[in-house]
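Input: a single structure, listed below in structure tokens.
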Amino acid sequence: MNSILDDFKLAFKTGNVLNQIIIVNVVIFLAFAVINVFFTFAGQGATFDAINYLMLPSNLSTLLTQPWTLITYGFFHKGFFHILFNMLYMYWFGRIISEYLGQNKLLGLYVWGVIGGGLLYLLAYNVMPYFENQVMGSYLLGASGGVVAIVVGAATFQPNFAINLIFLGPVKLKYIAAVTVFISFIQSTGSNAGGEIAHLGGALVGYLSIRQLQRGSDWSKPIVSIITWVKSLFKPQPKIKVSYKKAKTTSGRSSSKAKAKAEAKSKSSQDEIDAILDKISEKGYDALSKEEKQKLFNASKD
């Protein structure tokens, strides 16, 4: 058992963001599945009551006492096939985002997709008359909002990129995304209405996020900054060693020149990246030169 846990820890520490998101979802699902078995054998099916504090409630009064659920609901799943298909979609389309835009963009898309899906779910259940009799007892869970944000984000960035589907052969991303959104829309009044509405919210976020990125606005930055800060809270701080060293004197003029030169170089690099993104938007990724692809790859790691 310890070796399995060690394998998970190693995979999490050495893996990329895509693998880490999948591992977190799988570990949480397995942990609650095991707990549920023990509680059921003991005659106390209280696991669902515990998950209520982690799922997103449609009732706004309940949400005010559990605001964290706007994030946590995106890491819990109802059943095996629920998490299986979500993680498969995450892996297939997450690799495309990671390859072309970098891991930080993938993380931002996932988290914003979860938030966007949750917000549209709350809006629909508290505004639309169709849901007025369901708002008191409805809860949302699952990573679908974040996953669909990644699917639509990949299709927005690379609409003509094709992947091979069983029985269908190569299919362009724009068609896969369109079918995904359409199915969610026509099923938004069915038995899983809340989940389908969350899909639509994630899709909207995925589209807007990539469009804003192409215009030079990176929505992933605040998400990455917050997560980096949270991680730093759990890292042991190194002991501060005080040393004294005679400082070299430099003229104010040379310092200001170096600063201005660095700022000009940074602005020039950003202008180049913006131009590359514009070119991708107009002609597709394949139209880039080898040098442009390398510049985009280097920028995605920043």
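A short reminder: the numbers here are calculations on the coordinates, not readings from a lab. In this text, all values refer to a predicted model and were calculated from it rather than measured experimentally. Here the Cβ positions follow ideal geometry from the backbone for every residue, glycine too, while neighbour counts run over all protein chains shown.
The HN-Hα couplings worked out from phi for the range 115-120 by the Karplus form 6.51 cos²θ - 1.76 cosθ + 1.60 (θ = phi - 60°) are 5, x, x, x, 5, 5 Hz, whole numbers, x standing for Gly and Pro.
Across the range 134-145, computed HN-Hα scalar couplings (Karplus, 6.51 cos²θ - 1.76 cosθ + 1.60, θ = phi - 60°) run 10, 5, 6, x, 9, 9, 10, 8, x, 8, 4, x Hz from first to last residue, x flagging Gly and Pro.
The label-point distance for N164 and T40, in a model that sets each label 7 Å from Cα toward Cβ, rounds to 3.9 nm. With the simple spin-label model, which puts each label point 7 Å out from Cα in the Cβ direction, the D274 to F85 separation comes to 4.2 nm. As a rough guide to protection, the peptides 167-178, 197-208, 119-130 ranked by mean Cβ packing within 10 Å, highest first, stand as 197-208, 119-130, 167-178. Using a simple spin-label model with pseudo-atoms 7 Å out from Cα toward Cβ, N126 and I23 lie 3.7 nm apart. If you look for lysine pairs in the range 2-229 that are eight or more places apart or on different chains, how many of them have Cα atoms under 24 Å apart? Taking the Cα cut-off of 24 Å, the pair count is 6. Using the Cβ-Cβ distance between T228 and Q66 with R0 = 25 Å, the FRET efficiency computed as 1/(1 + (r/R0)^6) comes to roughly 0.50.
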